[in-house]
1. Cut-off is 10 Å between beta-carbons; in what order do ARG279, ARG162 appear when sorted fewest neighbours first?
2. Given 20 Å bins starting at zero, what is the percent of C-alpha pairs of the chain in each, up to the one with the largest pair distance?
3. Go ahead and run the numbers for FRET between LYS407 and ASN42, Cβ-Cβ distance against an R0 of 22 Å, rounding to 0.05.
4. Report for the chain the percent antiparallel among DSSP-assigned beta bridges with both residues inside it, nearest 5.
5. Can you spot the lysines whose alpha carbon is less than 27 Å from LYS407's alpha carbon? Ignore those fewer than 8 places along the same chain.
6. So for the range 214-332, taking the charge dipole from beta-carbon charges (+1 Lys/Arg, -1 Asp/Glu), which of VAL255, ALA238, LEU226 sits furthest toward the positive end?
7. Of ILE79, LEU264, THR99, which is farthest on the positive side of the dipole of the range 52-355, counting Cα position, with +1 on Lys and Arg Cβ, -1 on Asp and Glu Cβ, and the Cα centre as origin?
8. May I ask you to compute the full-extension gain from LYS23 to LYS358, defined as 0.36 nm times their residue separation minus their alpha-carbon distance, rounded to one decimal in nm?
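Just so it is clear, none of the values below were taken in a lab; they were calculated from the coordinates. The structure presented is a predicted model; accordingly, all values stated were derived computationally and were not measured. All Cβ positions, even for glycine, are placed from backbone atoms using ideal geometry, and neighbour counts span all protein chains on display.
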Amino acid sequence: MYDAVVQNVKLLENDQLVNIGVKNGKFSSITKEPIQGRNTWNGNGGLVLPPFVEMHTHLDTAFTARSSQNLSGTLLEGIRLWQERKKQLTIEDVIERGTEMLQLLIQHGVLFTRTAVDISDPNLTALHAALQLREKFHDLIEMQIIAFPQDGLMRCPENLVRMEKAIQLGADAVSAVPHLERTRESGIASLEFCFHLAKKYGVFAHIFSDEVDDGHSRYLEVIADLTIREKMAERVTASHAIALAYYSSAYASKVISLVKEAKLTIVSCPLINVAMQGRFDIFPKGRGITRIKELSDSGVNVCIAHDDIRSPFYPYGDGNLLQAVYMGAHLAHMTGSEQTVKLIKMITNNGAKAFGMKDYGIKIGNCANFIVFPAQEATDLIAKHPPCTHVFRNGRLIVGTKPAEIKWNLTKFCNLNINLQ
Ligand SMILES: [Zn+2]
């Protein structure tokens, strides 16, 4: 007898229906044979996946702009608006909005998230709130905190001290925004500082890299080089990498090889970047995202993330990662069935790798973290982004969503004899 059984579900890699048995919070059985549990749920032939890993969120900016305030739609106006809003931050305010964000993520099947908190604040208010939330939500979602210097490191030297303090207080990753520093040299210095701290404290580095429609922004190669020189393979992530899309094919090919050699993870945020980038372009306008397909085809670990939710940087979003994948599939021209499976890996296994998880995936002996969707195959997830009907954390059902029921109130339609139920 198992503690919990989920019947009639399909694994992504296998077309056959299986039953999943859980004991002591671990996967104990994955079988076609009928099995008994103290608690049993019916997956109704739906797809079962390991939980989503959301590699780029902002706990502190979430829901600070429920209506669109950023009239130009640019990153620079977003930063200006955020600079004003963050003066009013309190721990209670961040906890309230952060709680809403985390609940939405969990409802959509995210059980692991890496979230950035702006440390350009003498009181480190957002960081303190995030540390409290990490603790409060510990049994529901695993959170890694990025100490993120939105105002830069070299152009805001107080952030050099705050960054180290943030790590001492418990942040999991250091960060830099080299393209927002005053000069190329300052950008490189900010990266060197970041890698120095990451090495000193044994934390991840998660850089916001080249988030600009400018082929002259060439920090990704510096990040790859530092990762190789500092022997930090699989410990470094670069988000955005937009400029890579603007490089000549010859230079892009060199950078992609370096990224692969360095074992970097690249996180693309198609929703916010397609909305924010290309604002300075004349027609034809850039697509605003990095070379997702080319990086992935070269064997680079690529993730897709949602990024901001209802903030001065992006006015939409409800924490559903499938929306980001949907946008990514279009913009990256990845609509074939094999590519669709690759896209789903970008919000599951690839994120788990960057997160440093050892115990991830639907395998006997692993922690029983899994999610169920009313879908037959990966394409359904992207085409319909259906609700996540079951979210299991360590073998316990923590939340579920019932698909909407549509009821026609007609018996006949346009004089055609169609039965409407
Ligand atoms: Zn972001």
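1. Working: ARG279 16, ARG162 23.
By the 10 Å Cβ count, ascending, the order reads ARG279, ARG162.
2. Spelled out bin by bin, the chain gives 26, 56, 17, 1 percent.
3. Numbers: r = 22 Å, r/R0 = 1.00.
It comes to 0.50.
4. That works out to approximately 40 percent antiparallel.
5. LYS384
6. Positive-most Cα among the choices belongs to VAL255.
7. After comparing all options, I get LEU264.
8. Working: separation 335, 0.36 × 335 = 120.60 nm, distance 1.93 nm.
Result for the pair: 118.7 nm of gain on full extension.
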